[in-house]
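Input: a single structure, listed below in structure tokens.
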Amino acid sequence: MNSGSSLNCDLEISSDEFGALMEEVGPFEYSPHLAVGCSGGADSLALVLLLDKWIKVNGGRVTALIVDHGIRDESRHEAITVKSWLAEKGLESEILCANLTRSTPSLQNVARSERYRLMGDWCRERGVLHLCMGHQKEDQAETLILNLMRGSGIDGLASMAPVVERESCRILRPLLSVPKSRLIAFLKSERQAFVKDPSNEDKAFKRVRIRALLPELAREGGTIKRLSKVAKRMAEARSALEDETAALMAESVVVFPEGFARLNPQPILKSSREVALRALGRVLRTIGGKLHSPRGDQLINCYESLVQTERVGRKFCRTLCGCQMREQDNAIFIFREKPHKAEITEMGNKWLWDGRFLISGSPNQIPKVFLPDRQNPPNFGAREIERMPVPFWQALPLFTGLDGKVLVPNVVGIPLSNATLKDGLPEVTFQPQRPLSAASFKTVRNIGGERNEAFERNNTLP
């Protein structure tokens, strides 16, 4: 445990500054209920206390979510300690438990995903729209360097966004422009101890090794302030490109409720290469039910193949990101390959099938979901067969009816030919993990004016 810092209290972040930062990540509904991820470290604990002050002025509730990964023997004790600290200040909190071990491969990435999953599920189940995270200025600089080392493009170099729209909630990072030292100064003024996680100093993790290099980078001119400015400029570039990409997709892409897309290649080919790659990657990610677009080299090869086939007048055919792409009647149809196995993930009182279809209905029907074979389901009429050749519907979820026959479920937006077979079938909506076009990537503004600039001049790493 650590109880403070050597910084003077007059350098702490003020309530007015924090209020301006919260305006940047708004708007909020009347009397909002905010969840906040709280590890008990300085950043997240400072955010909880700042949010408490903000809520008392603006109305609403704050609930701190303390995730116990179970990786270290002392993690449970730390979670209980943090909960007791918050209780002493009259703050609500809940401990969410994960089951990870030190031997888990890619431990930090898995732990991060599990943390967001647990907190996202908690928000979804309680109707909480906003999940606040305590990432701060040094975190943003570290993310920039990590992504640079991975060879990331503009998206990666834009680092973290202050607002990210997810299916379960909005993830808010109001502290991205605030140095860690100011948060520690705030905790000192509040006489609040915080947890010092030894894994943050474990050089087995790449992020920790990068953090240790920051002072040397600063001596060569790569200060936190300059790295943050680079991330901000990349975020502005990313936001502009996303606007162009959304306009291109609106012109060239139609997504059907059965989970396939029709792409007009001409607007894609006439667009700039970067925007075309983004649009193509987004469509493949959405139809494939993936969280991420295809890797850069794979996507570039796919795009260049499209350009080449158009140039020589051949039909385009390609497989990428779990999708097939076939040209027909001057359009390219993109549809999910028949998966060998489709995972079902519980999402509150619904289930996400193969990362693409959200299924609602009786829980005892969910185990009956299976992948199609070559036969045509009896409730799949001539109209549907004409609209959807066999390869298109081979990736639809099917059910076994009470009479043992194979049935296509009630796909929202598509009327089935035989209405009598619809009774009792689960309802299915094409709702992939990542939508075709989401909220634009936001940029981080520098809140605090001259005082903040003066602080950074006096407190940057040497």
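Numbers at a glance
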{"item": "The stretch 186-236: number of residues that are in a helix (DSSP H, G or I) and of a type outside the set (Val, Ile, Thr)", "result": "31"}
{"item": "Test result for residue 103, of a type in the set (Ser, Thr, Tyr) and either in contact with a Pro (Cβ under 9 Å, 6 or more places away or on another chain) or assigned to a helix (DSSP H, G or I) (or both)", "result": "no"}
{"item": "Residue within the stretch 154-162 that is buried (at least 21 other Cβ atoms within 10 Å of the Cβ) and not small (Gly, Ala, Ser) present", "result": "yes"}
{"item": "Qualifying positions in the stretch 337-370 - modelled with pLDDT under 75 and in contact with a helix residue (DSSP H, G or I) (Cβ under 8 Å, 6 or more places away or on another chain)", "result": "348"}
{"item": "Residue in the stretch 124-131 that is among the acidic types (Asp, Glu), surrounded by 15 or more Cβ atoms within 10 Å (Cβ to Cβ) and touching a residue at least 40 places away in the same chain (Cβ under 8 Å) present", "result": "no"}
{"item": "Total residues in the stretch 91-109, condition of a type in the set (A, V, I, L, M) and either in contact with a Gly (Cβ under 8 Å, 6 or more places away or on another chain) or free of Cβ contacts under 8 Å to residues at least 12 places away in the same chain (or both)", "result": "2"}
{"item": "Residues of the stretch 83-94 classified as crowded, with 20+ Cβ neighbours inside 10 Å and either modelled with pLDDT under 95 or over 18 Å from residue 197 (Cβ atoms) (or both), total", "result": "1"}
{"item": "Single match in 60, 151, 70 (criterion: exposed (fewer than 14 other Cβ atoms within 10 Å of the Cβ), on the phi > 0 side of the Ramachandran plot and either touching a His at 6+ places or on another chain (Cβ under 8 Å) or at pLDDT below 95 (or both))", "result": "151"}
{"item": "Filter result for residue 242 (surrounded by 17 or more Cβ atoms within 10 Å (Cβ to Cβ), within 25 Å of the chain's Cα centre (by Cα) and outside any helix (DSSP H, G or I))", "result": "no"}
{"item": "Checklist (1) part of a loop (DSSP other than H, G, I, E, B); (2) closer than 24 Å to residue 168 by Cα; (3) not small (Gly, Ala, Ser) applied to residue 73, failing item", "result": "(2)"}
{"item": "Candidates 51, 107, 45, filtered to the one that is over 18 Å from residue 199 (Cβ atoms) and buried (at least 17 other Cβ atoms within 10 Å of the Cβ)", "result": "51"}
{"item": "Condition check for residue 198: in contact with a Pro (Cβ under 9 Å, 6 or more places away or on another chain), surrounded by fewer than 17 Cβ atoms within 10 Å (Cβ to Cβ) and under 28 Å from residue 40 (Cα atoms)", "result": "no"}
{"item": "Leading residue by the ranking (nearest to the chain's Cα centre (by Cα)) among those in the stretch 192-222 that are under 11 Å from residue 108 (Cβ atoms) and not aliphatic (A, V, I, L, M)", "result": "207"}
{"item": "Residues (outside any loop (DSSP other than H, G, I, E, B) and among the hydrophobic types (A, V, I, L, M, F, W, C)) located in the stretch 121-149", "result": "122, 123, 131, 132, 141, 144, 145, 146, 148, 149"}
{"item": "Any hit, the stretch 181-190, residues being farther than 20 Å from residue 39 by Cβ and surrounded by 21 or more Cβ atoms within 10 Å (Cβ to Cβ)", "result": "no"}
{"item": "Wholly enclosed helices (runs of 4 or more DSSP H) of the stretch 255-354 bearing at least 3 residues surrounded by 16 or more Cβ atoms within 10 Å (Cβ to Cβ) and small (Gly, Ala, Ser)", "result": "273-288"}
{"item": "Residue 100 vs. criteria in contact with a His (Cβ under 8 Å, 6 or more places away or on another chain), closer than 30 Å to residue 204 by Cβ, of a type outside the set (Val, Ile, Thr) and in the same structural domain as residue 61 (by TED's automatic domain parsing)", "result": "yes"}
{"item": "The stretch 155-180: number of residues that are at pLDDT 90 or above and within 17 Å of the chain's Cα centre (by Cα)", "result": "15"}
{"item": "Set 53, 83: member being out of contact with any His (no Cβ under 6 Å at 6 or more places or on another chain), assigned by TED's automatic domain parsing to the domain that holds residue 175, basic (Lys, Arg) and touching a residue at least 24 places away in the same chain (Cβ under 8 Å)", "result": "53"}
{"item": "Unique residue being closer than 21 Å to residue 28 by Cα and touching a residue at least 12 places away in the same chain (Cβ under 8 Å) when the list is 195, 178, 163", "result": "163"}
{"item": "Qualifying residue in the stretch 21-33 (condition: part of a strand (DSSP E or B) and at pLDDT 95 or above)", "result": "yes"}
{"item": "Condition met for residue 115 (of a type in the set (Lys, Arg) and without any contact (Cβ under 8 Å) to a residue 60 or more places away in the chain)", "result": "no"}
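The values are calculated or read from the model by the stated rules, or taken from the named source; none is laboratory data. All values derive from a computational prediction rather than experimental measurement. Cβ atoms come from the backbone with ideal geometry, glycine included; neighbour counts cover every protein chain shown.
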